[in-house]
Amino acid sequence: MNLIFASNNAHKLEEARAILPAYHILSLAEIGCHEEIPETQPTLQGNSLQKAEFVYNWCREHLKKLPADILGCFADDTGLEIEALNGDPGVYTARWAGDHCNPADNRKKTLTLLDGVTNRKAQFRTVVTFIPFAPGKPSVFEGIVRGSISTEEKGNGGFGYDPIFIPEGYDKTFAELPIELKNSISHRARAMKKFADSMI
């Protein structure tokens with residue numbers, strides 16, 4: 001059984017495949033979709049739905065190129081919400097340091113803005129939207145993991161903000177934790193597990 005993930009991010013795909021082992025997760029590249037996926041909505045929910053709808057419509061136009069047993073497509077949008085920064089970067093998490101920034105730039109900006117700030121509470125929130133190929137409405141699943149921002153980068157694992165995010169109940173960053181543990185407690189894992197349960 002195939003599911004199309006509206007992403008080419010290798011780290012996201014790895015996580016999704018680990019969380020949904022019963023399904024064959026296809027990336028955009030694997031189905032031949034090389035379009036630029038829009039993310040112009042002001043909320044995580046809006047972006048997740050926009051991406052899922054874009055890929056769903058693309059698939060409907062290219063059905064002959066796709067495997068026959070595709071159940072549907074799903075997309076996610078994730079935001080880091082920092083209490084002392086009034087919930088920022090939020091929907092701008094991926095491009096927090098500018099349109100052409102990289103993850104290291106984003107982490108540097110975050111640590112700079114929080115320099116000397118004692119309230120370092122933060123949470124990661126992921127919204128997954130699934131659109132079935134069979135008749136049906138989109139389904140939305142949310143996953144949240146609370147924690148705090150470290151004062152410096154730690155660890156070599158993970159991606160994005162993982163080296164500066166310490167999940168609640170742990171004294172290590174996501175980047176320091178074993179990937180299996182991170183995948184079991186992360187915001188994306190929690191949203192994906194709700195998604196997987198709904199498929200059952």
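Laid out as a table, the results:
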item: Sole residue being small (Gly, Ala, Ser), farther than 22 Å from PRO167 by Cα and not in a strand (DSSP E or B), chosen from GLY116, GLY87, GLY136, GLY72; result: GLY136
item: Answer from SER184, SER198 - the residue that is farther than 23 Å from ARG95 by Cβ, in contact (Cβ under 8 Å) with a residue 60 or more places away in the chain and exposed (fewer than 15 other Cβ atoms within 10 Å of the Cβ); result: SER198
item: Residues within the stretch 104-124 that are under 17 Å from the mean Cα position of the chain (by Cα) and either crowded, with 23+ Cβ neighbours inside 10 Å or within 11 Å of ILE149 (Cβ to Cβ) (or both), tallied; result: 4
item: Residues that are polar (S, T, N, Q), buried (at least 16 other Cβ atoms within 10 Å of the Cβ) and in a loop (DSSP other than H, G, I, E, B), drawn from the stretch 139-167; result: SER150
item: Residues satisfying the stated conditions in the stretch 19-46, i.e. closer than 14 Å to ASN8 by Cβ, free of Cβ contacts under 8 Å to residues at least 24 places away in the same chain and open to solvent by 40 Å² or more (accessible area, probe 1.4 Å); result: ALA29, GLU30, HIS34, GLU35, GLU36
item: Residue in the stretch 47-61 that is under 15 Å from the mean Cα position of the chain (by Cα), under 30 Å from GLU180 (Cβ atoms), in contact (Cβ under 8 Å) with a residue 24 or more places away in the chain and open to solvent by 10 Å² or more (accessible area, probe 1.4 Å) present; result: yes
item: The stretch 138-191 - residue that is out of contact with any strand residue (DSSP E or B) (no Cβ under 9 Å at 6 or more places or on another chain) and among the polar types (S, T, N, Q) and, of those, nearest to THR118 (Cα to Cα); result: THR151
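The values are calculated or read from the model by the stated rules, or taken from the named source; none is laboratory data. Fair warning: this is a prediction, and the values are worked out from it, not measured in the lab. Glycine also receives a Cβ, built like all others from the backbone with ideal geometry; neighbour counts cover every protein chain displayed. Surface areas here come from the heavy atoms of the whole protein model, side chains and all, with no ligands, DNA or RNA. Shrake-Rupley method; radii C 1.70, N 1.55, O 1.52, S 1.80 Å.
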